[in-house]
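Participant: First the structure, then my questions, so here it is.
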Amino acid sequence: MKKSIAVTMAAIFGLMAGLVAAPVAESRERLVLQGSTTVLPITVKHAEEFMKRNPGTEISVRGGGSGAGIKALIEGTIGMAQASRSIRDGEILEAKARGIKVVEHTIAGDALAVIVHPENPVANLTKAQIRDIYLGKTTNWREVGGKDQKIVVTSRDVASGTFKAFNEKILGKEKQRPDALFLASSAAVVGTVTGTPGAIGYVGMGFLRPEIKALHVDGVAATAENLVAGKYPLGRPLFIYTAGEPTGLAKRFLDFIMSPDGQKIVKEAEFVPVGPVK
Amino acid sequence: MTRATKDKIIEWGITLIALTSVISFLGIAVVLFAQGLPAFNFVGLWDFLTGRGWHPTHVYEPEFGILPLIMGTLWVAAGALIITVPFGVGAAIYISEVARPAVKDVIKPIIELLNSVPSVVMGFIGLLILAPAVMNLFNLPVGLTIFTASVMLALLYMPYVVSIAEDALNAIPMSLREASYAVGANKMETITKVVLPAAFPGVSTAVILGGGQMIGETMIVLMVAGGAAMVPTSFFEPARPMTATIAAEMGETVVGGDHYHALFAIGIVLFVITLILFILVNLIEKKFRREKLW
């Protein structure tokens, strides 16, 4: 009995030691990215393609939000952070306190699409109408040319990059109505709008599906072409942040993202390229 | 090694293990307060607890009022308790007092199995099945409401309440029931007039502990409560409980910023509420023992 306990303990400690030691023994080059869930679908595709072309490299990408990514970057636990908002002053100060200069790389553009249930007859809203809906001045679809139906306003969480971008473009200094449904991810916004006939929401272009309808804003559809042409009013840049100028694997990966091949992936993921596309 | 030294070593080892949880608890409390108290540099305690506006990231005029979040938590937990108490205590009475042993052996494990469903699965079922049903059944604009979250929470914590309440009922000695039958009471009278009053402290402990679990639950409320930061006025409105707020916003916030500290301060509020419930349970138990109700 005693012996078996000792053996079990030894096995557990052995396993723990093994887990700790494993990354050291790893000969592959590794890079970890963390951050915005909006940028995630593009970066994942970049990572897959890059690893296919460069055997022996391992790039893993996770979500968690822009803030979590930038925090991890400043703390040095990851190599790159993807973000759907620009770095905030507080974060720059914290990085400075740790002797880190965070460098911004714009890797793609995104349009915020305003989405509704597909059965909603409304096809176009002006920025002013969207603003009134999010301020709580407009509460029924009838008031903007739709059915007599209560508007269910959905929003991303107050700390998300998508929320920040939408608020800057639409609300300015005003505060969003308190009865809006705050949802924890863009996928949750899409899910809620899909299941709620009176709902309105906003997501990045990459989240558009056939089950939801993207409205025209000021008469312009949320497409990459309209964004590049400067016609669509709700555009925003997407970023990758590095601690200092990237070197080694991080530099090679970033160069790939910015290359015509990498920007082609951006386009295929239905975001807007920021450089020449192959 | 002598027997005495061996005993000593084992004793020390066990003490050390017990101390780990004490140290962890203290550590958690210290971190919580160290990160949360700075919030009161920019918002007064009273404004924090009674403010109605939760706009922590607003660039021009941020607001840190968590009354809507506190009320969201309380409404959801209250709704869940309204469902759990009659059903949970009823089930405990059935298992402990009415069911034949063979039936009891089947039903009890099944009820307990409900508690082993991961809360994220409960949330998912709520999101995909219950929320649309609630929306259509009550003709609501949206199915993500306090009611939806309460039902899923009640399902998840029902077994917890059932098993603690059942333990309390089982702890009532047979002699009490036998005395009741001896003076001519029937089964119904024995349950309502003798067993339940005697087990009341234990059953209320079950309810309070269940309520504490519901207040702390995060995944279900995050997924199905809707997330509107507004003081609710009915069970069929969306709400944003405190736990859901922390879970949803912590990942994206600037570490060390005002919003970050405010989220930790919400954690303190949750911690204090749970602590109060815990003390309440202990008081009830103490009173219960002193009065020797059995």
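Participant: To the nearest whole number, what is the average tally of beta carbon atoms from other chains within 10 Å of the beta carbons of peptide B:253-263?
Facilitator: 5
Participant: Please report the antiparallel percentage of DSSP beta bridges with both residues in chain A, rounded to the nearest 5.
Facilitator: That works out to approximately 60 percent antiparallel.
Participant: Kindly work out what percent of the DSSP beta bridges joining two residues of region A:111-235 are antiparallel, to the nearest 5.
Facilitator: Roughly 60 percent of the DSSP beta bridges within region A:111-235 come out antiparallel.
Participant: Could you work out how far apart the two model spin labels at A:GLU75 and B:ALA133 are, taking each label as a point 7 Å from the Cα in the direction of the beta carbon, and quote it in nm?
Facilitator: 4.1 nm
Participant: Also, quick follow-up: Based on the Cβ-Cβ distance of B:ALA179 and B:ILE107, what FRET efficiency does E = 1/(1 + (r/R0)^6) give at R0 = 35 Å, to the nearest 0.05?
Facilitator: 0.80
Participant: For n ≥ 4 DSSP H runs only, could you compute -39500 (n - 2.57) per run for chain B, divide by its residues and tell me the 222 nm figure to the nearest 500?
Facilitator: The helix contribution divided over chain B gives -21500 deg cm²/dmol.
Participant: For peptide A:182-192, how many partner chain Cβ atoms fall within 10 Å of a residue's Cβ, on average?
Facilitator: 4
Participant: Determine which aspartates and glutamates satisfy two conditions relative to A:LYS173: a Cα distance under 16 Å, and not lying fewer than 8 residues away in the same chain.
Facilitator: Filter leaves A:ASP132, B:GLU61, B:GLU63.
Participant: How much net charge surrounds A:ALA111 when only the other residues with a Cβ under 14 Å from the Cβ of A:ALA111 are counted, with Lys and Arg +1 and Asp and Glu -1?
Facilitator: +1
Participant: For A:LYS71, what charge total do you get from the other residues with a beta carbon under 12 Å from its beta carbon, if Lys and Arg give +1 and Asp and Glu give -1?
Facilitator: Overall, the nearby charge balance is -2.
Participant: What is the set of long-range amide H partners of B:TRP54 at a cut-off below 5 Å, with H atoms built 1.01 Å from backbone N?
Facilitator: Excluding prolines and chain starts, which carry no amide H, the hits are B:GLY65.
Participant: Anything over 20 Å Cα to Cα? Flag those among A:LYS71/A:LYS175; A:LYS137/A:LYS175; B:LYS193/B:LYS286; A:LYS96/A:LYS251, in the order listed.
Facilitator: Pairs exceeding the cut-off: A:LYS71/A:LYS175; B:LYS193/B:LYS286; A:LYS96/A:LYS251.
Participant: Now a separate question. Each residue of region A:82-88 in turn: what ³J(HN,Hα) in whole Hz from Karplus with 6.51, -1.76, 1.60 and θ = phi - 60°, glycine and Pro shown as x?
Facilitator: 8, 9, 9, 9, 6, 5, 8
Participant: List the residues whose amide H sits under 5 Å from the amide H of A:ILE107, counting only those 5 or more places along or on another chain, with H placed 1.01 Å from N in the peptide plane.
Facilitator: A:LEU238, A:PHE239, A:ILE240
Participant: Output the peptides A:87-95, B:160-168, A:112-120 sorted from most to least packed, where packing is the average of other Cβ atoms within 10 Å over each peptide's residues.
Facilitator: Per-residue mean Cβ counts within 10 Å order the peptides as B:160-168, A:112-120, A:87-95.
Participant: Report, by chain and number, residues whose modeled amide H sits under 5 Å from the one on A:ASN140, excluding near sequence neighbours (fewer than 5 apart, same chain).
Facilitator: A:ILE151
Participant: Between region B:56-116 and region A:35-113, how far is it from one alpha carbon centroid to the other, in angstrom?
Facilitator: Answer, in whole Å: 40.
Participant: Shifting gears a bit: Among DSSP beta bridges whose residues both lie in the protein assembly as shown, state the antiparallel percentage, nearest 5.
Facilitator: 60 percent
Participant: Going by a ≥ b ≥ c, the root eigenvalues of the Cα gyration tensor, does the protein assembly as shown fall in the rounded group (a/c under 1.5), the prolate group (a/b larger than b/c) or the oblate group?
Facilitator: Oblate.
Participant: At 7 Å along the Cα-to-beta-carbon direction for both B:VAL59 and B:VAL31, put a label point, then send me their distance in nm to one decimal.
Facilitator: So the label points at B:VAL59 and B:VAL31 sit 3.4 nm apart.
Participant: Shape verdict for region A:111-235, please, from the Cα gyration tensor: rounded (a/c under 1.5), prolate (a/b greater than b/c) or oblate.
Facilitator: Rounded.
Participant: Okay, moving on. Residue by residue through region A:142-153, which ³J(HN,Hα) values in whole Hz follow from phi under the Karplus form 6.51 cos²θ - 1.76 cosθ + 1.60 (θ = phi - 60°), with glycine and proline marked x?
Facilitator: Running phi through 6.51 cos²θ - 1.76 cosθ + 1.60 with θ = phi - 60° gives 4, 5, 10, x, x, 6, 6, 8, 5, 7, 9, 8 Hz.
Participant: To continue, here is another question. By the gyration tensor of its Cα atoms, with a ≥ b ≥ c the square roots of the eigenvalues, what is the shape of region B:54-291: rounded for a/c under 1.5, prolate for a/b over b/c, or oblate?
Facilitator: Cα axes put region B:54-291 in the prolate bin.
Participant: Quick check on the exposure proxy: order A:SER259, A:SER186, A:SER66 from fewest to most C-beta atoms within 10 angstrom.
Facilitator: A:SER259, A:SER186, A:SER66
Participant: Please state the charge dipole magnitude for region B:54-291, taken about the Cα centre, from unit charges on C-beta atoms (+1 on K and R, -1 on D and E), reported in debye and rounded to the nearest 20.
Facilitator: Computed charge dipole of region B:54-291: roughly 820 debye.
Participant: Taking 0.36 nm per residue of separation and subtracting the Cα-Cα distance, what length does fully extending B:LYS287 through B:ILE9 add?
Facilitator: Value of the extension gain: 96.3 nm.
Participant: If you plug each phi of region B:152-168 into the Karplus form 6.51 cos²θ - 1.76 cosθ + 1.60 with θ = phi - 60°, what whole-Hz ³J(HN,Hα) values come out, in order, with x for Gly and Pro?
Facilitator: Along region B:152-168, the couplings run 5, 5, 4, 4, 5, 9, 3, x, 4, 5, 4, 6, 5, 5, 5, 4, 5 Hz.
All of the numbers you see were taken from the coordinates with simple rules; none came from a lab. The shown structure was predicted, so the numbers you read here are calculated from the model rather than taken from an experiment. Here the Cβ is made from the backbone with ideal geometry for all residues, glycine too, and neighbour counts use every protein chain on show.
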